[in-house]
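Any read-out appearing in this document is the output of simple, stated calculations on the displayed coordinates, not a laboratory observation. Bear in mind the structure is a predicted one, so any value in this text is a computation, not a measurement. Note that each Cβ is placed from the backbone with ideal geometry, even for glycine, and that neighbours are counted across all protein chains shown.
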């Protein structure tokens, strides 16, 4: 359940920037508010996991899921803090610096998103290892875990494809002009004409 709620919020934070037909400043504010809420939710979820492990006397950081989750959370923190100082606080970073760092910001967000998807999938796999011992490989619970993992994978693929692949619906597909999204036209060089 934690995976699905975090996954949906991550998708919303990314897509809010890309698909809402709003002004740049409004989209920027929505994106920042959703990123802040998502980061707080991630930190609270991590604290809850440590508390749960303490209650059941389970070790921390014993699985690839926990290591990946920690790495993704740390990368997300770095991305979040740098973005606040570069893009959110007016006048702190010159426009040239903002423009120069934007590809790193976008690609970094994409890599963090892919890391989050991978972490969620390893979490489902880890949970399945607990379930299968008690319920069997083909129990209803085990099959639902497969369905959830497939949903995470497909939804993650679609969001990434729409948002980060140039010319598909994200990076180079549309630019914000006032209150509308305007498709960009590919440039034709003299050798192509």
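Once the Cβ-Cβ distance of residue 157 and residue 77 is raised to the sixth power relative to R0 = 35 Å, the FRET efficiency obtained is 0.85. Residue separation of residue 36 and residue 114 scaled by 0.36 nm, minus their Cα-Cα distance, works out to 26.2 nm of gained length. Using equal-weight Cα scatterers in the Debye expression, the normalised intensity of region 64-144 in log10 at q = 0.11, 0.13, 0.24 Å⁻¹ is -0.46, -0.56, -1.04.
Label positions at residue 54 and residue 135, each projected 7 Å from the Cα along the C-beta direction, are separated by 2.9 nm. Between the C-alpha center of region 71-85 and that of region 98-171 there is a gap of 19 Å. Note on residue 144 and residue 44: the extension gain reaches 33.4 nm, defined as 0.36 nm multiplied by sequence separation minus the Cα-Cα distance. Measuring nothing but alpha carbons in region 11-164 and taking Rh as the Kirkwood radius, the Rg to Rh ratio lands at 1.04.
How would you order 44-53, 147-156 from highest to lowest mean count of nearby Cβ atoms within 10 Å?
147-156, 44-53
Note on residue 99 and residue 62: the extension gain reaches 9.3 nm, defined as 0.36 nm multiplied by sequence separation minus the Cα-Cα distance.
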